[in-house]
1. Could you please state, rounded to a whole Å, how far the C-alpha centre of the range 75-98 is from the C-alpha centre of the range 10-49?
2. What is the sum of charges around T3, taking Lys and Arg as +1, Asp and Glu as -1, for the other residues whose C-beta is under 11 Å from the C-beta of T3?
3. Helix-derived [θ] at 222 nm for the chain: sum -39500 (n - 2.57) over DSSP H runs of at least 4, divide by residue count, nearest 500?
4. Please report the net charge: other residues with Cβ closer than 15 Å to the Cβ of L45, K and R +1, D and E -1.
5. If you take Rg/Rh (Cα atoms, Kirkwood Rh) from the coordinates, which of (1) 1.05; (2) 1.66; (3) 1.02 do you get?
6. All other residues with a Cβ under 13 Å from the Cβ of Q57 taken together, and with Lys, Arg as +1 and Asp, Glu as -1, what is their net charge?
Amino acid sequence: MLTQIGLTLAAMDRYPEAIDQHNAALSIIHDSNHPLFEAEALNDLGATLRLSGAPQQALEYHQRSIALVRELDHYEHARAHHELALSHYELGNRQTAYAHWRQRLDLTTKLRTRQAALPPPTDLTT
């Protein structure tokens with residue numbers, strides 16, 4: 001809930017308040033010991049920091065997100081690489097940005113391929 005409030009505030013260009021909400025969410029989620037939720041909150045905070053004009057600061061949060069979900073094969077891993085690419089691009093690090101976009105593409109392709117290989121859901125009404 002707090003992350004959603006943070007995203008809404010960021011969309012309204014109310015970055016200081018958004019960052020406060022994301023930090024509050026992170027402190028609660030961190031204590032829950034759920035790496036996927038924490039990775040999502042880290043990515044949300046990083047994206048808000050980048051949008052607020054602090055792409056250098058955002059890098060740390062996306063890197064922390066990757067450290068949490070690297071082994072999970074989840075979309076948040078790809079999202080972290082996407083956000084790292086955007087931050088590096090804004091900082092003028094074009095080659096590093098490209099490398100992260102490439103990693104994002106590789107991960108999303110892998111995730112989609114695996115999802116496409118799953119059998120279709122069975123009809124539970126019969």
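1. When both Cα centres are located, 18 Å separates them.
2. Net charge around T3: -3.
3. -26000 deg cm²/dmol
4. For residues surrounding L45, the net value is -4.
5. For Rg/Rh (Cα atoms, Kirkwood Rh), the calculated option is (1).
6. Result for the local shell: -1.
Every read-out reported here was derived from the displayed coordinates using simple, explicitly stated rules and does not represent laboratory data. The structure displayed is predicted, hence computed values, not measured ones. Cβ coordinates were reconstructed from backbone atoms using ideal geometry, including for glycine residues, and neighbour counts include every protein chain displayed.
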